[in-house]
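The values are calculated or read from the model by the stated rules, or taken from the named source; none is laboratory data. Bear in mind the structure is a predicted one, so any value in this text is a computation, not a measurement. As a convention, Cβ positions derive from the backbone with ideal geometry for all residues, glycine included, and neighbour counts pool all protein chains shown.
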Amino acid sequence: MALNIPAEIGTRIEDVDTPCLLIDLDAYERNLKRMADFVSDHGLRHRAHAKTHKSADISHDQFAHGAVGVCCQKVSEAEALLHGGVRDLLVSNEVVSPHMINRLAAMATQARVLVCTDDAGNVDDLEAGAARFGVTLEVLVEIDVGAGRCGVAPGADAVPIAKKIAAADHLVFAGLQSYQGKAQHVHDYTERKAKIDEAVAMTRDTVGHLAAEGLSCDIVGGAGTGTYEFEGTSEVYNELQCGSYIFMDADYQRIHMADGRLIDDFENSLFLYTTVMSKTKTEKAICDAGLKAQSVDSGPAVVFSRDDIEYLGASDEHGVISDPSNHLSLGDKLKLVPGHCDPTVNIHDWYVGVRNGVVERLLPVTARGMCL
């Protein structure tokens, strides 16, 4: 099988094969430090979400900047990172299939493994799986604080599930999973903050109900790149699960702050690098980054640092770029900011890390395609 590597260490950026994922290492490292400083300054923990990058190497970079562990959304994703040396893994999702529970428990023979649940029957299944492997699983009760996906109703409904976890021989009640996913990409500041204010209130109430029953939460986790400052200053959450901050994408940068400016906490560090492959028409160019190189669920990619051209749309292997002033030429290379970084990353095998115009790092997308 071909390794499909778009460059070698030392390759000039102009000679990198496209389409590929390009990381500006200087911007990437500034993003890592910015989040690490926020977490440290506020006495929090960061359990970085690996669904953004799906990379063991990037996970280790996050550990070097103070992260205590990673979140994964799938068991297979966690397995891939475990093989890459990651030893603290929260599957921030429900796992219900007996076979998948076995795989989850098997990982706990080698690493700290945590998982979420919102169902008392699922607690029995997790206990049985952990017992089969003679391990302990740490379990968080997930509450629905507005995302409308998984999660038991906040408040008193979380207590019986937490009690059942605490009473199990091979499980440990670890706390609460409280993530308001729908708020992350709300562009208006006031609306976004209002959604998180509601989530914080529901989470605080649930922590109170648990405390009244003698159940303490080592972890109260949630938050994402769009709302981390709200949860991080709430005095309720103690673990943040931000992921996209290391890369950013076009949709995150449509978010507004209180003063009306667009969010600029973090920089674009991830790009879909592309080449103009056809220039037969004066007013437009065709590039090699089409639908099979990116996700467009949050809109098309945006051409980085150019206001004279626009990425209009794509078919399978072609991207159409408006070029009204005929500035582009055959072979020109462009940096595109993906509309949504997470699913775009899942399409690629490698990251090409560049500094000062030269390839410095090649990072495999360790958990590419891991959806079980």
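Tabulated results
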| read-out | value |
| --- | --- |
| Selection count, the range 226-242, where residues are surrounded by 21 or more Cβ atoms within 10 Å (Cβ to Cβ), assigned to a loop (DSSP other than H, G, I, E, B) and touching a His at 6+ places or on another chain (Cβ under 9 Å) | 3 |
| Subset tally (residues that are of a type in the set (K, R) and touching a helix residue (DSSP H, G or I) at 6+ places or on another chain (Cβ under 6 Å)) for the range 143-192 | 2 |
| Yes/no for D349 being under 24 Å from the mean Cα position of the chain (by Cα), surrounded by fewer than 17 Cβ atoms within 10 Å (Cβ to Cβ) and at pLDDT 95 or above | yes |
| Meets criteria (within 25 Å of the chain's Cα centre (by Cα), surrounded by fewer than 19 Cβ atoms within 10 Å (Cβ to Cβ), at pLDDT 95 or above and acidic (D, E)) for D308 | no |
| Residues of the range 352-372 satisfying the condition of being in contact with a Leu (Cβ under 8 Å, 6 or more places away or on another chain), surrounded by 15 or more Cβ atoms within 10 Å (Cβ to Cβ) and more than 19 Å from L81 (Cβ to Cβ) | V352, V354, R355 |
| Options A106, A120, A111, A80; residue that is in the same structural domain as G181 (by TED's automatic domain parsing), touching a Ser or Thr at 6+ places or on another chain (Cβ under 8 Å) and farther than 14 Å from A174 by Cα | A80 |
| Any hit, the range 210-218, residues being in a loop (DSSP other than H, G, I, E, B), buried (at least 20 other Cβ atoms within 10 Å of the Cβ) and of a type outside the set (F, W, Y) | yes |
| Matching residues in the range 314-343 - criterion: being free of Cβ contacts under 8 Å to residues at least 60 places away in the same chain, part of a loop (DSSP other than H, G, I, E, B) and closer than 17 Å to Q294 by Cβ | S315, D316, E317, H318 |
| Selection count, the range 161-209, where residues are in a loop (DSSP other than H, G, I, E, B) and not polar (S, T, N, Q) | 8 |
| Which listed residue is touching a strand residue (DSSP E or B) at 6+ places or on another chain (Cβ under 7 Å) and outside any strand (DSSP E or B), from A48, A67, A106, A80 | A67 |
| Failed condition for L90, given (1) assigned to a helix (DSSP H, G or I); (2) closer than 13 Å to H49 by Cα | (1) |
